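Values in this text are rule-based calculations from the coordinates and carry no lab data. Since the structure is predicted, the reported quantities are computational estimates derived from the model, not experimental observations. All Cβ positions, glycine included, derive from the backbone under ideal geometry; neighbour counts span all protein chains shown.
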Amino acid sequence: MKQVFSRWPGERGPGPSDAAPARHWAHEGPVPASRSLSRSEAWLLVVAVGVLAGSIVLLPVALAGWGLVAAALLLIGAAAVVLVGLRRIWRHVGALERENEGLRDWNATLFDRAGVSLWREDWSEARDAVEHLLLSGVTDIQAYYAERPAELRDLRRRVIIKDVNAIALEGMGVDSKADVVGSLDNILPDTDHTFVQWLIAFARGDRLYRSETHLVRPDGSALDTLFTASIPQDREGFRDIVVANFEITAYKAAQARMVELERDLIRASRITTMGALSATIAHEVNSPLAAVLSHAEAGLRWLDRAQPDLSEVRAAIAGIVADASRARDVVVRTRSYLANAPADGQLQDMARLGKEALLLVERELRDGQVSPHFDFEDGLPPVAGDPIQLQQVLVNLMLNGAQAMRAKPSARDLTVTMRREGEFIRVNVRDEGEGIDPADAARIFDPFYSTRPGGMGMGLAICRTVVEAHGGRIWVSTEPGGGSTFHFLVPAATGQQA
């Protein structure tokens, strides 16, 4: 995947096109412009140098023909002209120094009094790493680091925070810059998924990157932020990238509460619906079951007679078969209703659904200290289906992967990949947990079967129902102690655009 995963999609700034990215930082950049001498100052300097040179040339002639006094006057005049020129130049240099000092003071004032959290960071080693990969022929930065999370962590440690302003210190809850200056790894947790997107933006030659992330304060608490930064267009600029952060911790907490309330309402609605559905099923099934019981009792009575009436027994058994068939038809209709293919067969972009699914479970992944990695093939064809149901499959599988790694002490990597495979889109969700016992793997998609204490055993059953309703299939590959990978296939809508 080459496109930056930003919470503000489409915001790239006036960068180059995807087809031909122009990484302007691949050169050293222009030489900084400096103020030149004015025209009068330049002519004065030329005249002074000319007079001095002429005096030196004519000095032997003056000594020979005009005498010592004339020679002295000639040298004094030349020196005076030179001194006047040098004085003008010194004044010019002094003015430039005062101007530069004023600019430095003004820049410092803007940095400290801008009213937003500003960070100066050195990304030069990240730039070099991206450049090395591109020169080595690697074109998909996201896919490369999805397979090498340890290498990505090491690179994050080599990004250096050089300076912060007072607003940034206040947001981080510290008084001294020494508490935050240093490696970016000290404040950017492993659960962040935006770091690799910086590298993608570098590789694409973007001029702007902005998104949402979370930082860790020195006291261990979380700080949710929106950030934005201009990406340098020359190599030297990567040593001094300025990032602006806007704290949204309270907003995110309120948003999480609203999402939880919405989930509670949906859950309550589902419980009510299931209650009504259960009552309907019980009502429809109860009648044929009562008739089955009645026919069975009558058949037994006919058999218990001194002279069994076999014709009546046959009639009773026929009634049992008929009423049992009625009960079966109720169950078949109910299953058909629940597993019916979605009526909304609009084209869906699976990569977009995957990104949105991550946003839905981001809080749970962060609480579980899970580091998500994505590797989506570019140009995936769309699929026809219901976006809510397909997202539910992705959400369930990601949450299952996070729960499978709860006992792991560190580096809880969850990797989601999407590839085209023939006429299908193949999605893999890989965790690094303890794996699944082969005996459990055979039944893991059965309803009400769970390997997790307190689990209802419905999540994976729902996943299978949804995937099969979309014309696909789902399975798991696992190795005890080596993690698990859930795979599912959904048909691609060939030749169409989502």
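At a threshold of 8 angstrom on Cα-Cα distance, excluding pairs fewer than six apart, so keeping six or more, what relative contact order does the stretch 134-269 reach in percent?
Numbers: 154 pairs, mean separation 23.1, N = 136.
For the stretch 134-269, the relative contact order is 17 percent.
Give me the net charge of Lys252's neighbourhood, meaning all other residues with Cβ under 11 Å from the Cβ of Lys252; Lys, Arg count +1, Asp, Glu -1. Before the final figure, lay out each step's value.
Details: positive: Arg257, Arg363, Arg366; negative: Glu212, Asp224, Glu247, Glu362.
Neighbourhood net charge equals -1.
Report the FRET efficiency, 1/(1 + (r/R0)^6), for Leu289 and Leu135, where r is their Cβ-Cβ distance and R0 is 56 Å, rounded to 0.05. Could you put the intermediate results ahead of the total?
Values: r = 74 Å, r/R0 = 1.31.
Approximately 0.15, to the nearest 0.05.
Roughly speaking, what is the stretch gain from Ala268 to Asn186, that is 0.36 nm per residue apart minus the C-alpha to C-alpha distance, in nm to one decimal?
Here the answer is 25.3 nm.
Under 15 Å from the Cβ of Leu293, count the other residues' Cβ atoms, weight Lys and Arg +1, Asp and Glu -1, and hand me the total. Walk me through the numbers on the way to the answer.
On the way: positive: Arg301, Arg326; negative: Glu297, Asp323.
Once positives and negatives cancel, what remains is 0.
Would you mind putting 349-357, 127-135 in packing order, based on average other-beta-carbon counts within 10 Å, highest first? Each step should come with its number before you reach the end.
Working: 349-357: 19.6, 127-135: 16.4.
Ranked from most to least packed, the peptides come out as 349-357, 127-135.
With labels modelled as points extended 7 Å from the Cα through the Cβ direction, what inter-label distance (nm, one decimal) is found for Ser221 paired with Ala322?
In this crude label model, Ser221 to Ala322 measures out at 7.4 nm.
If I take R0 = 60 Å and measure r between the Cβ atoms of Arg352 and Leu310 in this structure, what FRET efficiency does the formula 1/(1 + (r/R0)^6) give, to the nearest 0.05?
0.35
Relative to the present Cα-Cα distance, how much length would full extension add between Met258 and Asp367 at 0.36 nm per residue of separation?
Values: separation 109, 0.36 × 109 = 39.24 nm, distance 1.78 nm.
Using 0.36 nm per residue and subtracting the Cα-Cα distance, I get 37.5 nm.
Given a Förster radius of 51 Å and the C-beta distance between Ala282 and Leu359 as r, what FRET efficiency does 1/(1 + (r/R0)^6) yield to the nearest 0.05? Walk me through the numbers on the way to the answer.
Numbers: r = 39 Å, r/R0 = 0.77.
Result of the calculation: an efficiency of 0.80.
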